[in-house]
Structures are given as C-alpha cells and as structure tokens.
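What follows is a set of notes on a single structure, which appears directly below.
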Amino acid sequence: MANTKLALANDLDRAAAEQENLQRLRFTGRKNLLLRKTQRALEKIKDGSYDYCEISGDPIGLQRLLLRPTAELSYDEKARQELLERNFNERR
C-alpha cells in the first residue's frame, strides 16, 4: 500500500513538472514572438512603413498603434481576416 501511494505521488509530481515545463515553453514562445514583432516594428519605423497596413497600404491609425504597437494590419483589414477565419472554422 505504501508503494502504491509513493508511486501515485511520483506520478503526480511528474505530471506537475511536465505541466510547468509546458507553461514555460509556451511563455518563452510568446516572448520570442513578441520580440520578433517588436524588431520588425523598429525596422518599419526606420524604413518609413511603420504606420501602414501590410495588405491594403492604408494607414493603421494612431489609436490602434497605441493599443498594439506591433500591429501590421489596419483595423478594417484585421476585422476582415478574423471574419474569414471565423467563417472557415464554422465550415469545418
């Protein structure tokens, strides 16, 4: 009986450690993505294309850039893409 409790405790410890590692990996991935987006935004500032939508070429808008400095799409273009994604996912 004691061995069973010990084995269960070891399994729970392993599961907790694995979950913690997964969370660390997810956090690191998100941090790296944000770093790449920030570097890209800085490059766009240097070349003068920072506040323009990558798809339509329209201005992104100050309010959107203040909320999301790494934004690459205008509000309208982002809304259009999200609508297309939603429609695609509903069809699946």
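No value in this document is a laboratory result; all are computed from the given coordinates. Fair warning: this is a prediction, and the values are worked out from it, not measured in the lab. Cβ atoms come from the backbone with ideal geometry, glycine included; neighbour counts cover every protein chain shown.
Overview of values
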{"quantity": "The stretch 57-76 residues that are touching a residue at least 12 places away in the same chain (Cβ under 8 Å), paired with ones that are surrounded by fewer than 15 Cβ atoms within 10 Å (Cβ to Cβ) and part of a loop (DSSP other than H, G, I, E, B) (beta carbon under 7 Å, 6 or more apart)", "calculated": "72/54; 73/54; 73/55; 74/56; 74/58"}
{"quantity": "The stretch 21-47 residues that are in contact (Cβ under 8 Å) with a residue 40 or more places away in the chain, paired with ones that are surrounded by 10 or more Cβ atoms within 10 Å (Cβ to Cβ) (beta carbon under 8 Å, 6 or more apart)", "calculated": "none"}
